[in-house]
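The values are calculated or read from the model by the stated rules, or taken from the named source; none is laboratory data. Everything quoted here is computed from the prediction, not taken from an experiment. All Cβ positions, glycine included, derive from the backbone under ideal geometry; neighbour counts span all protein chains shown. Heads up: the accessible areas ignore ligands, DNA and RNA and are worked out on the full protein's heavy atoms, side chains in. Shrake-Rupley method; radii C 1.70, N 1.55, O 1.52, S 1.80 Å.
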Amino acid sequence: MGELGVWVRLHYVYPYPHVDEVIPLMAQGKILPYLDIPFSTPMRAFLKLNETSRSSENVLTRIQQWRKVCPDITLRSTFIVGFPGETEEEFEELLDFLEMAQLDRVGAFMYSPVEGAVANSLPDHIPLEVQQERLGRLMQLQEEISGERLACN
């Protein structure tokens, strides 16, 4: 890809070990130093529900390693707030994750039912007012993080 003579930007890259091999190519300028990573949320309950082996601790270590190899890397992700059953404690874990990960860009949206989705039948749907409040808190925090990261570059 680095030999194509065009910018190559990687989207929807899961933070698995094989991605580590791409980061040096970014540091060499062969691939645009940008990753769009669908972290979803780092909450253990959500990860268990989605039957994945990723943990926030491993992801944070991986992010630190990527930034050591390629200091100019830009990391972006998108998060859902108000997923059915999300507790305040779990939401706070998401905020803590964002504080530690220091992602450059973040998009977020409130959970909403999608036709045919398994989550529609889950108990404890979060009231709209709570979802809106959580979305506001997340975006406020991310605005601060993004501003700090931009000021350092």
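Numbers at a glance
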| item | result |
| --- | --- |
| Given (1) under 22 Å from Arg9 (Cα atoms); (2) in contact (Cβ under 8 Å) with a residue 24 or more places away in the chain, index of the condition Phe97 fails | (1) |
| Positions within the stretch 94-107 being surrounded by fewer than 19 Cβ atoms within 10 Å (Cβ to Cβ) and touching a Lys or Arg at 6+ places or on another chain (Cβ under 9 Å), in sequence order | Leu95, Gln102, Asp104, Arg105, Gly107 |
| Cβ pairs under 9 Å, 6+ apart, first in the stretch 140-153 and among the hydroxyl-bearing types (Ser, Thr, Tyr), second surrounded by 15 or more Cβ atoms within 10 Å (Cβ to Cβ) | Ser146/Leu103; Ser146/Asp104; Ser146/Arg105; Ser146/Val106 |
| Conditions (1) modelled with pLDDT of 90 or more; (2) under 24 Å from Glu148 (Cα atoms); number of the one not met by Pro38 | (1) |
| Among the candidates Phe79, Phe83, Phe97, residue that is under 13 Å from the mean Cα position of the chain (by Cα) and not in a strand (DSSP E or B) | Phe97 |
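This table checks each residue for (1) open to solvent by 50 Å² or more (accessible area, probe 1.4 Å); (2) at pLDDT 95 or above; (3) among the β-branched types (Val, Ile, Thr); (4) farther than 30 Å from Pro71 by Cβ.
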| position | (1), (2), (3), (4) |
| --- | --- |
| Tyr111 | no, no, no, yes |
| Ala119 | no, no, no, yes |
| Pro123 | yes, no, no, yes |
| Glu133 | yes, yes, no, yes |
| Gln140 | yes, yes, no, no |
| Glu148 | yes, no, no, no |
| Asn153 | yes, no, no, no |
